[in-house]
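> Handing you a structure now.
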Amino acid sequence: MSVLMGDFSLQQQASFCQRLKEFISSFVRYLVAGGAGFLIDYGIFATCHEVFGWHHLLSATIGFICGLVFVYVVSNKWVFTNRKMQHQQVVEFIVFSVIGVIGLLLTVLFMWIFTDVCSIHALISKLLTTALVLVWNFGARKYILY
């Protein structure tokens, strides 16, 4: 570690390590929360698409919204320790939702590309899409809200 951080004081190194530890911890918690949110999202998507026969884009939208609400609640209660808008919950939820809507647009775009353009089965497309949208959602929420 000292080779990588040779020009930094011990205090700066300790501060960096603490921030890195907090980042990794929140990312792991976000993966757990996001994983549970994904199970809700994917379960509702699969049910709507496979059981009810609804179009994959409508099914993906409904699943995504349900997962979004779940992840918002869990993110505020467990994932992130520092909330920039803690006392402005309405604004916080709006920003969280806007990030989610952008994620939803990305979901629809990637689902269309993978399923309709690339002819990948919708259930596999949803897995690929989820991984890509996870990166957007965590990064944007961490930077803007937490």
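The values are calculated or read from the model by the stated rules, or taken from the named source; none is laboratory data. What you see is a predicted model; the values in this text were computed from it and never measured. Positions of Cβ are backbone-derived with ideal geometry, glycine not excepted, and every protein chain shown enters the neighbour counts.
> With the condition kept exactly as written, say whether any residue in the stretch 101-109 is touching a Cys at 6+ places or on another chain (Cβ under 9 Å) and touching a residue at least 40 places away in the same chain (Cβ under 8 Å).
No: the stretch 101-109 contains no residue that is touching a Cys at 6+ places or on another chain (Cβ under 9 Å) and touching a residue at least 40 places away in the same chain (Cβ under 8 Å).
> Let me ask another. In the stretch 72-100, what count of residues is obtained for those that are of a type outside the set (S, T, N, Q), in a helix (DSSP H, G or I) and over 15 Å from the mean Cα position of the chain (by Cα)?
The number of residues fulfilling the criteria is 5.
> Can you tell me which residues in the stretch 121-134 are crowded, with 17+ Cβ neighbours inside 10 Å and of a type in the set (A, V, I, L, M)?
Selection gives Ala122, Val133, Leu134.
> Show the residue pairs that are 6+ apart or on different chains and have beta-carbon atoms under 9 Å apart, the first residue being within the stretch 15-38 and farther than 14 Å from Asn76 by Cα and outside any helix (DSSP H, G or I), the second being of a type in the set (Phe, Trp, Tyr) and modelled with pLDDT of 90 or more.
Between residues of the stretch 15-38 that are farther than 14 Å from Asn76 by Cα and outside any helix (DSSP H, G or I) and residues that are of a type in the set (Phe, Trp, Tyr) and modelled with pLDDT of 90 or more, there is no close pair.
> Something else about it: Here are some conditions: (1) within 23 Å of Leu31 (Cβ to Cβ); (2) at pLDDT below 95; (3) in a helix (DSSP H, G or I). Leu57 meets all but one. Which one does it not meet?
Answer for Leu57: the failing condition is (1).
> Checking Val74 against (1) under 18 Å from Tyr30 (Cβ atoms); (2) in contact with a Ser or Thr (Cβ under 8 Å, 6 or more places away or on another chain); (3) surrounded by 13 or more Cβ atoms within 10 Å (Cβ to Cβ), only one condition comes out false. Which one?
For Val74, the exception is condition (2).
> Here is a list: Ser15, Ser2, Ser25, Ser97. Which entry is closer than 19 Å to Leu145 by Cβ and modelled with pLDDT under 90?
Ser97
> Related question: Would you point out the residue of the stretch 135-146, among those that are among the aromatic types (Phe, Trp, Tyr) and surrounded by 14 or more Cβ atoms within 10 Å (Cβ to Cβ), that is nearest to Val71 (Cα to Cα)?
Phe138
> Hey, another quick one. Within the stretch 5-25, take every residue that is surrounded by 12 or more Cβ atoms within 10 Å (Cβ to Cβ) and under 28 Å from Arg83 (Cα atoms) and give me the one that is nearest to the chain's Cα centre (by Cα).
Restricting to residues being surrounded by 12 or more Cβ atoms within 10 Å (Cβ to Cβ) and under 28 Å from Arg83 (Cα atoms), the top hit is Ser25.
> Are any of the residues in the stretch 101-118 assigned to a helix (DSSP H, G or I) and under 27 Å from Arg19 (Cα atoms)?
yes
> Search the stretch 54-68 for residues that are over 14 Å from Ala122 (Cβ atoms) and pair each with any residue that is acidic (Asp, Glu) when their beta-carbon atoms are under 7 Å apart and the residues are at least 6 apart or on different chains.
Once the first residue is over 14 Å from Ala122 (Cβ atoms) and sits in the stretch 54-68, its partners that are acidic (Asp, Glu) give Cys66/Asp41; Gly67/Asp41.
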